[in-house]
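Okay, so here's the structure we're looking at.
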Amino acid sequence: MRRRMLWPWGASLLAAAVVLGAVVVFGFPSASPFDTWWNEFMTAHRADALVQAALVLNAIGGGWIAVYLVPLGVIAAFLLARRRRSAVFAALCFVASAGMVQVLKQVFARARPDDMIVVSDFGSFPSGHTANAATIALVVWILFPRVWTAIAGALWVVAMALSRTVLSVHWATDTIGGALIGAAVVLLLADWLLPWVQAVRPSDPTPRSAG
């Protein structure tokens, strides 16, 4: 993606997430027809193997693993690779994404599905697990823009989103909103920080792609 498109795309995705949240929360007394249909579909096809896989993603994408282990692991990897600016960029993305998710959870205060099979925190919209997955995927893709990083990132986000609805801990639109938020935050911060991240320091012998 060209740098001049980062801000328009980021702002558009953020606006789309806010509009989506407003529509599904304030436009329907309980849940939208699409959310109801999808939740019933996933419940009807909730095989044991699928639930077990979803529980693994639930643990990876939330709690201390998602809040501390994964972000700190990504930051540590950049530091070990002597990409300090990339580490700073990644850290800011993780913090901003998590903060935005919590703000929107408080604003929309959406109730979760009644038949969820794991315990979760307050607020259904947006999905924090999916937002975190999208944040990781976009950070990696922005810093290493390759076809394989884009495909792997997309698959990771889709898998996380599906796992949240398999467990009925989120409505489908919660996961869409989470993906939009995670991507939007990274793109907006990239528009601001990417020139600094990619800048060649005086001690650097040759230009580098990032950090």
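Quick look at the numbers
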item: Accessible surface ranking that places the most exposed of 30, 12 first, with a 1.4 angstrom probe; result: 30, 12
item: Cα gyration tensor, segment 48-147 - rounded (a/c under 1.5), prolate or oblate; result: prolate
item: P(r) weight above 29 Å for the chain, C-alpha pairs, percent; result: 26
item: Max mean-square fluctuation residue, GNM over the chain, Cα-Cα springs under 10 Å, options 169, 56, 88; result: 56
item: For segment 1-54 and segment 83-142, distance of Cα centres in Å; result: 13
item: 3J(HN,Hα) from dihedral phi, segment 79-89, Karplus parametrisation 6.51/-1.76/1.60, rounded to Hz, x for glycine, proline; result: 5, 5, 7, 6, 10, 5, 5, 5, 5, 5, 4
item: Calculated from backbone phi, Karplus (6.51, -1.76, 1.60) coupling profile of segment 117-122 in Hz, x at Gly/Pro; result: 10, 9, 7, 9, 7, 6
item: Expected 222 nm ellipticity per residue - DSSP helices of 4 or more, -39500 (n - 2.57), all of the chain, to 500; result: -23500 deg cm²/dmol
item: Protein-only accessible surface order, largest first, of 173, 43 at 1.4 Å; result: 43, 173
item: Per residue accessible area in Å² of the chain, where ligands, DNA and RNA are left out and the probe is 1.4 Å; result: 51
item: Angle between the chain longest axis and helix 6-26 axis [Cα atoms, degrees, rounded to 10]; result: 20
item: GNM result for the chain, Cα springs below 10 Å: residue of 21, 99, 182 fluctuating most strongly; result: 99
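The values are calculated or read from the model by the stated rules, or taken from the named source; none is laboratory data. Just so it is clear, the model here is predicted, and its values are computed rather than measured. Quick note on the areas: whole protein, heavy atoms, side chains included, nothing else; ligands and nucleic acids left out. Shrake-Rupley method; radii C 1.70, N 1.55, O 1.52, S 1.80 Å.
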